Amino acid sequence: MKQVLNLAKRTGIAGDVPIAAAIVRNGKIVARGANMVQRRQNPTLHAEIVAINRACKKLGTKFLDDCDIYVSLEPCAMCATAISFARIRNIYFAAVDEKGGGITANARVFENDKHLWRPNIIQIPEYAEESAELLREFFAERRENKK
C-alpha cells in the first residue's frame, strides 16, 4: 500500500486526482495504475481501470482471479464493477470515499446478489488518513488556485 500511496502522491503533483492502484500476484506487483482522468480528458481512466488493463495485457489474460488490487481510495461503482468483471480475488483499499465510493459508502455494488464475481473487501485503516490527506491537500490547492 505504501507504494500505491507514493504513486498517488506523484499523480497529484502531475495534476490529476491523487489516486493510485496496484495489481499484485503471488506477492509481486504486476501492474500499477494512476488516475489519468484530467491528463487524458477521459472520465473512465481511473487508477483501477488503468491497472487492470495493464495487468491483463502483461499477463495475457482477461481474468485476474489469482490477483489482488491495492487502491489508495475506495473504488467507485464503475471500478468496483470492473474489478468484479476481471475476477480479482481481493480488494484492499486505504480511505473510504463517502461521496463516490462504490463498495462501503455509496453505491454498495457488492450488496447486490446479481454479481457474477464477488471479491473479498479489506480496508487497511492504518493508511486511510495518509490517503485522505493527499486528497484534501490536492483539492484545497485547486480551490486556492481558482481564486
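Return a yes/no flag: does segment 106-122 have any residue that is within 17 Å of LEU5 (Cβ to Cβ), in a helix (DSSP H, G or I) and modelled with pLDDT of 95 or more. Checking segment 106-122: not a single residue is within 17 Å of LEU5 (Cβ to Cβ), in a helix (DSSP H, G or I) and modelled with pLDDT of 95 or more.
Here is the figure for segment 123-147: residues that are outside any helix (DSSP H, G or I) and modelled with pLDDT under 95 total 1. Scanning segment 6-35 for residues being over 11 Å from the mean Cα position of the chain (by Cα) and either part of a strand (DSSP E or B) or surrounded by 14 or more Cβ atoms within 10 Å (Cβ to Cβ) (or both) gives a total of 12.
When ILE69, ILE29 are screened for being under 18 Å from VAL109 (Cα atoms) and of a type in the set (A, V, I, L, M, F, W, C), only ILE69 passes.
Consider GLY27 carefully, then state whether it is closer than 21 Å to PRO125 by Cα and out of contact with any Leu (no Cβ under 6 Å at 6 or more places or on another chain). Against the criterion (closer than 21 Å to PRO125 by Cα and out of contact with any Leu (no Cβ under 6 Å at 6 or more places or on another chain)), GLY27 qualifies. Considering only residues in segment 36-77 that are part of a loop (DSSP other than H, G, I, E, B) and in contact with a strand residue (DSSP E or B) (Cβ under 7 Å, 6 or more places away or on another chain), the one that is surrounded by the fewest Cβ atoms within 10 Å (Cβ to Cβ) turns out to be ASP66. Remark: pairs (first residue in segment 1-27, closer than 11 Å to ILE69 by Cβ; second residue among the charged types (D, E, K, R) and surrounded by 22 or more Cβ atoms within 10 Å (Cβ to Cβ); Cβ separation under 7 Å; 6+ apart in sequence or on different chains) = ALA21/GLU48. Within segment 99-147, the residues that satisfy the criterion of being open to solvent by 80 Å² or more (accessible area, probe 1.4 Å) and among the acidic types (Asp, Glu) are GLU111, ASP113, GLU126, GLU129, GLU137, GLU141, GLU144.
The values are calculated or read from the model by the stated rules, or taken from the named source; none is laboratory data. All values derive from a computational prediction rather than experimental measurement. Here the Cβ is made from the backbone with ideal geometry for all residues, glycine too, and neighbour counts use every protein chain on show. In case anyone asks, the SASA skips ligands and DNA or RNA and just uses the protein heavy atoms, side chains included. Shrake-Rupley method; radii C 1.70, N 1.55, O 1.52, S 1.80 Å.
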